[in-house]
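Engineer: Handing you a structure now.
The values are calculated or read from the model by the stated rules, or taken from the named source; none is laboratory data. Since we're looking at a predicted model, the values are computed, not measured. Note that we place each Cβ from the backbone using ideal geometry, even for glycine, and neighbour counts take in every protein chain shown. Surface accessibility is based on the protein's heavy atoms, side chains included, excluding ligands, DNA and RNA. Shrake-Rupley method; radii C 1.70, N 1.55, O 1.52, S 1.80 Å.
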Amino acid sequence: MHILNILAPVFLIILIGAILRRGGFLGGDAPRVLSRYCYWIGLPPLLFMKIGLAQADLSAALTTLTICVGVTLTLAALGLTIGFALRLPATRAVTLMHVAMRGNLVYIGLPVAIFAFAGHPRGSEAESIAALTIGPLVILYNVIPSIAHVLAAHSGGRGLARKLLLKLITNPLIVACVAGLLWNQLGHANGIPIPLLLNRTFALLGGPALPIALLCVGCGLADSRSVHAIVPSSIAAFMKNLLGILLATLIARALHAGPTETAVALILMAAPTAIASFILVEELDGDTDIAAGTITLSTLLSLLTLPLALALAL
């Protein structure tokens, strides 16, 4: 029931976004403006607060992070290979890779982990492990696609390295995660509170990010006029939801990870494709049809795969 209560609102807001787009309420450039708000203004303070205020448990978090990085890199390599095997153009192959590797950790993975360990003796430890794992993963989720999208769209020649570096250091999600990790270790770990003024400001800015991002996904689905994304979207969703769980289980066993670390890794890797991937794909001129289709299919499939991951984890 907890999982249904988390996922059902996601579909409802996506549906509302599609209806508002079709009805003209979010006409013209409105979806683009909302998408840019999430990318540049809404998501960064939210990520900073989640990561910056997490209670440190570095040893356990490192084990969980190792599992999740292994899963992510495997899915990225396999996704890109499949994309080119399907003879997709480079930008579409990179988009398939992107949405196959990137999970919705902040909005679904973390809440499910918290609910799963509610009342458990190691509940606070599990939440800490999840939050500290999410920070580096979000950086990885942005670095790999950013580089891949730029390479796919770039014709070569001079200025490529500079363009890549500029994309990375100006990516607000990467900056927010790095800042959050630094604050966690240098500020929060030493008992230094975030000033109340900034705390409340960040909360107000980050609060609307999820519903706005979901509305943007709905708008993207409403604007789609072709079925050319069905095959790559289905493949990416299958990889993200089912293959991700299998890989996490195998890697955790190979590392002899503890039960809490394994459980958190399974839950995070079972999270469906991240809504933020749609925003980044749009920012980097990827294929928004593949991104929107994968998000919807993956979120729907997670109604089955998240309970499976919980059954394996607990």
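Engineer: What pairs come up if the first residue lies in segment 294-314 and is among the small types (G, A, S), the second is modelled with pLDDT under 85 and open to solvent by less than 10 Å² (accessible area, probe 1.4 Å), and their beta carbons are under 7 Å apart, counting only those six or more places apart or on different chains?
Structural biologist: S302/L7
Engineer: Checking L166 against (1) over 21 Å from the mean Cα position of the chain (by Cα); (2) within 28 Å of L7 (Cβ to Cβ); (3) not basic (K, R): exactly one of these is not met. Which one?
Structural biologist: Here L166 clears every test but (2).
Engineer: Can you tell me how many residues within segment 175-210 are more than 20 Å from I134 (Cβ to Cβ) and not in a loop (DSSP other than H, G, I, E, B)?
Structural biologist: The total comes to 7.
Engineer: Report whether or not A54 is closer than 30 Å to P208 by Cα, over 16 Å from the mean Cα position of the chain (by Cα), in a helix (DSSP H, G or I) and of a type in the set (G, A, S).
Structural biologist: no
Engineer: Still on this structure: With the requirement that a residue be surrounded by 15 or more Cβ atoms within 10 Å (Cβ to Cβ) and farther than 16 Å from I212 by Cα, what does segment 8-46 give you?
Structural biologist: Of everything in segment 8-46, just one residue is surrounded by 15 or more Cβ atoms within 10 Å (Cβ to Cβ) and farther than 16 Å from I212 by Cα, namely R22.
Engineer: Something else: Consider I67 against the criteria (1) assigned to a helix (DSSP H, G or I); (2) closer than 24 Å to V231 by Cα; (3) among the hydrophobic types (A, V, I, L, M, F, W, C): it satisfies all of them except one. Which criterion is unmet?
Structural biologist: For I67, the exception is condition (2).
Engineer: If you go through segment 77-117 one residue at a time, how many are within 30 Å of A54 (Cα to Cα), among the small types (G, A, S) and open to solvent by 10 Å² or more (accessible area, probe 1.4 Å)?
Structural biologist: Residues that pass the stated criteria total 1.
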